[in-house]
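Reviewing the structure listed below.
The values are calculated or read from the model by the stated rules, or taken from the named source; none is laboratory data. The shown structure was predicted, so the numbers you read here are calculated from the model rather than taken from an experiment. Cβ: placed from backbone, ideal geometry, glycine included. Neighbour counts: every protein chain shown. Please note that ligands, DNA and RNA were not included when accessible areas were found on the heavy atoms of the full protein model with its side chains. Shrake-Rupley method; radii C 1.70, N 1.55, O 1.52, S 1.80 Å.
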Amino acid sequence: MTTDNDHDRSIEDVWRDILARNGVSEAQADDIVTLTFGTPALTRDIPDIEDVPDIAKDALANTEFETYLDDDKDPARVEHQLVGALEDALRGVHSGPAALPDATLDQPYDRVTATGNGKEGTAGASRGVGQPDLAQPYKSAAAARAAESSLDEDDIARIATVLDDVMTEYELETADLYAALERLEEEERTE
């Protein structure tokens, strides 16, 4: 479950978690993370922050990570989860990647991405979003929306537990839940 402290987690740890949930051994996940983020295109140069996801995808393809996934896992879906988490990190949700030069991480990340509902979305740009310690104090949109809730803490905790169970059972990422909630809100507006 996402917490306000997610920005303290490194993207490397998030990737290891995603890979482990999809059947990759701990040692192999470490190798994949190290090889992907250690690619010279990220470490020797000062890449434009907008190019980082594409560079990581290319490096990820070179690791042949899909050979280490459980047989029932879709490599394209896992890659989408990994790249989505990387884009979150570039927006400041997670720290890192540690291998990137500060000059890259200091750039605002504004790439337009397709959301789960087929619409395009953008992230707000702010200086230092790749390094949360340099960014403005972090408060997620989810935290702001939670403040609007009329439920008490016990009710929210029960709902959070149910959502955590659903995420685990269906191997969902937080972005998947947000996409589903957006769909529900759109349906309510059109009714």
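Determine whether residue 25 is of a type in the set (Gly, Ala, Ser) and within 16 Å of the chain's Cα centre (by Cα). Here the answer is no, as residue 25 does not meet what is asked. Remark: pairs (first residue in segment 155-179, touching a residue at least 12 places away in the same chain (Cβ under 8 Å) and open to solvent by 40 Å² or more (accessible area, probe 1.4 Å); second residue of a type in the set (Lys, Arg) and part of a helix (DSSP H, G or I); Cβ separation under 8 Å; 6+ apart in sequence or on different chains) = 171/21.
Residue count for segment 51-70 under the criterion of being loosely packed, with under 14 Cβ neighbours inside 10 Å and either touching a residue at least 60 places away in the same chain (Cβ under 8 Å) or aliphatic (A, V, I, L, M) (or both): the result is 1. Scanning segment 89-104 turns up no residue that is basic (Lys, Arg) and in a helix (DSSP H, G or I).
Selection over segment 71-100 of residues that are open to solvent by less than 30 Å² (accessible area, probe 1.4 Å) and within 24 Å of residue 44 (Cβ to Cβ) gives a count of 11.
If you scan segment 170-184, which residues turn out to be at pLDDT 80 or above and either over 17 Å from residue 15 (Cβ atoms) or touching a Cys at 6+ places or on another chain (Cβ under 8 Å) (or both)?
Scanning segment 170-184 gives a single hit, 170.
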